[in-house]
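Let me begin by presenting the structure, written as structure tokens, before commenting on it.
The values are calculated or read from the model by the stated rules, or taken from the named source; none is laboratory data. All values derive from a computational prediction rather than experimental measurement. FYI the Cβ positions are ideal-geometry reconstructions off the backbone, even for glycines, and counts take in every protein chain you see. Accessible surface is based on the protein model in full, side chains and every heavy atom, while ligands, DNA and RNA are left aside. Shrake-Rupley method; radii C 1.70, N 1.55, O 1.52, S 1.80 Å.
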Amino acid sequence: MKKLIAFLFIFLISIFICINSYAKYVIENTSLVANINIDGEIPKIEFLNVSNTNEKYNKYANKTHTITVEFRIKEKNIKKDNIQAGIKFFLDDTQFNPSGKEISRREEGEYIYYKYTLFKLRSNGRLKIKIPKGVVIDIADQVNEEVIFDTGITIDNIAPVVSFSQEEIEDGKILAKIKTNEKIRDVNAWNLYEEDTVLSKEFSCNVLYPFDVTDLAGNSTNIDVKIDKATNIKIKYGSMSEGPYNNWEFGTGISEITGEKAIEFGSEYKIEGISLYWEGLDKDFIQTKCFINTYWGEGVQGICNTYETNYNYGYNGYLTLKTGPIIVLDGKATLLIGGKGMNKEGNMGFGGKPIPKEIADKHLFGISSLSIKLKDTSYYSIVYQAWVDGEGWLEPASDGEETTFLHNKPIGAYRMSLIPTTEKQYLIDLWEKDVGTNNMK
């Protein structure tokens, strides 16, 4: 009996162990059959920003400007990104490859950001960017749609075509007009109208200077503003030189060079007298100071052999039509500074020693500096430049500045212009190109 009970006990224990082992086996062999990640959104390309270094006129650019375009790809499961190879650039409908291009790429969350910097764009047309279909593929093999982005920027490397005209209006004034074939930038002190294609400005006196007309993209065309019919204000300046050319030379403010004809006979010949006449302005409006270098030096006055007016060694001025000395030229009361005969052999001035022949032959004497200023510079400026034998043209001066090389080395030619202050720098820039040269054109 005891053996039977023991057998049953062992049998039940064995069954229990088998059941537990089976249960353990089932649990340990349970596994993950599939992990499914569903991506139902195609890659999306979004343009974010476009900028242009031509800030004031940011819808236009030329080869000097830089354009930056930023966009991004919205897709976190990218299998293939072929943006850099696939992107295309167009000017209007013509594809081109920018000669200047820089690219940056960065990833941030579910986005990939691109920045394209374009420069040296030498052609013309409306800048567009195309990203073709299929350059971006996600892990579900979905692709982006084609995107065409119009930057709104016109690339223009063609300078404007311009024309200049002058029209006589009331009181002897002139209306200057500059017409163009495209929209241009506004210019200080000029009127811009007719859909930004015409500039105009009134002038009261004659003047000549170069002027830049610039389109919205920054391309410029240079044209001469030449006013030669104004009579509201008249100015006439002259020079009287030693040597074989025994005549006055005059200018009327359109950059004429006085003394040029005299030095054609010899560059050593100096200006001994300067004349200045104007009308339409107060008699003391233009004020002129010169340094006169003479053989006799201080204490002895010189006398003009032609007009019998007096002058002193050193600074003479500021002289005006009010203060003189005054002579009559072409029937007009005219200011004269200096006088004929400064280098004439035997000339004694008033009580000086006669100039010896060996000294007269060296041509040492004459007007050696110019300083010209205006009573009022709220609208007009005066610009002038002197030429010295062996040195060429000196730096242009204006509004009272002195132009001289040395006080013992007189000038052989000069030019001057009464010009609106807003236009003054154009003329100075032009004349500066001649500094150190003998250019008489």
Using only the C-alpha atoms of the stretch 280-369, find the volume of their convex hull and express it per residue in Å³.
94 Å³
Rounded accessible area of S165 (nearest 10 Å², 1.4 Å probe)
50 Å²
Within straight cross-link reach of K322, meaning Cα distance under 20 Å, which aspartates and glutamates are found once same-chain residues fewer than 8 apart are removed?
E279, D282, D284, E308, D330, D376, D399
On full extension of the chain, what length is gained from T94 through L192, given 0.36 nm per residue of separation minus the C-alpha to C-alpha distance?
31.9 nm
For a 31 Å ceiling on Cα separation, which of these pairs sit above it: K201/K270; K234/K353; K201/K261; K120/K433?
K201/K270; K234/K353; K201/K261
Which residues does a label at T437 reach in the stretch 181-209, if reach means a backbone N under 18 Å from a point 7 Å past the Cα toward the Cβ?
209
Taking a ≥ b ≥ c as the square roots of the Cα gyration tensor eigenvalues, with a/c under 1.5 meaning rounded and otherwise prolate when a/b beats b/c or oblate if not, the stretch 112-206 comes out prolate
By how many nm would the segment from E41 to K183 grow when fully extended, if each residue of separation counts as 0.36 nm and the alpha-carbon distance is taken off?
46.5 nm
Net length gained if the chain between L175 and E308 were fully extended (0.36 nm per residue, minus Cα distance)
43.6 nm
Take every Cα pair under 8 Å in the stretch 232-359 that's 6+ residues apart, average their separations, divide by the length, and report that relative contact order as a whole percent.
23 percent
Label model pair K101, K357: point-to-point distance (7 angstrom along the Cα→beta-carbon line) in nm is 8.3 nm
Quick check: pseudo-label points 7 Å beyond the Cα along Cα→Cβ at I254 and D376, how many nm apart are they?
2.7 nm
Find which of S241, I227, I254 sits farthest along the positive direction of the dipole of the stretch 182-296, computed with +1 on the beta-carbon of Lys and Arg, -1 on that of Asp and Glu, about the Cα centre.
S241
Taking a ≥ b ≥ c as the square roots of the Cα gyration tensor eigenvalues, with a/c under 1.5 meaning rounded and otherwise prolate when a/b beats b/c, else oblate, which class fits the stretch 179-290?
prolate
Enumerate the residues in the stretch 68-107 having an amide nitrogen under 17 Å from the point lying 7 Å beyond the Cα of K115 toward its Cβ.
68-73, 101-107
log₁₀ I(q)/I(0) of the stretch 156-196 at q = 0.14, 0.20 Å⁻¹, via Debye over equal Cα point scatterers, no solvent, to two decimals?
-0.39, -0.72
Quick one: pull the percent of accessible area on the stretch 210-332 belonging to carbon and sulfur, 1.4 Å probe, ligands and nucleic acids left out.
43 percent
Under 18 Å from a label point 7 Å along Cα→Cβ of S51: give me every residue in the stretch 69-99 with its amide N that close.
69-72
The chain accessible area per residue, 1.4 Å probe, protein heavy atoms, integer Å², reads 52 Å²
Net charge near K362: determine it from the other residues with C-beta under 15 Å of the C-beta of K362, scoring Lys and Arg +1 and Asp and Glu -1.
-3
For a test of the definition: using alpha carbon positions, the gyration tensor, and the 1.5 limit on a/c, classify the stretch 297-341 as rounded, prolate or oblate.
oblate
Unit charges on C-beta of K, R, D, E only; dipole of the stretch 121-263, Debye:
240 debye
Can you show me the helix-derived [θ] at 222 nm for the chain, built from DSSP H runs with n ≥ 4 at -39,500 (n - 2.57) apiece and divided by the number of residues, rounded to the nearest 500.
-3000 deg cm²/dmol
With +1 on the Cβ of every Lys and Arg and -1 on the Cβ of every Asp and Glu, the dipole magnitude of the stretch 210-271 about its Cα centre, in debye rounded to the nearest 20, is 300 debye
Ordered by packing density, taken as the mean number of other Cβ atoms within 10 Å over each peptide's residues, highest first, how do 179-187, 323-331, 91-99, 199-207 rank?
199-207, 179-187, 323-331, 91-99
So how exposed is W248, as accessible area in Å² (1.4 Å probe, rounded to 10)?
50 Å²
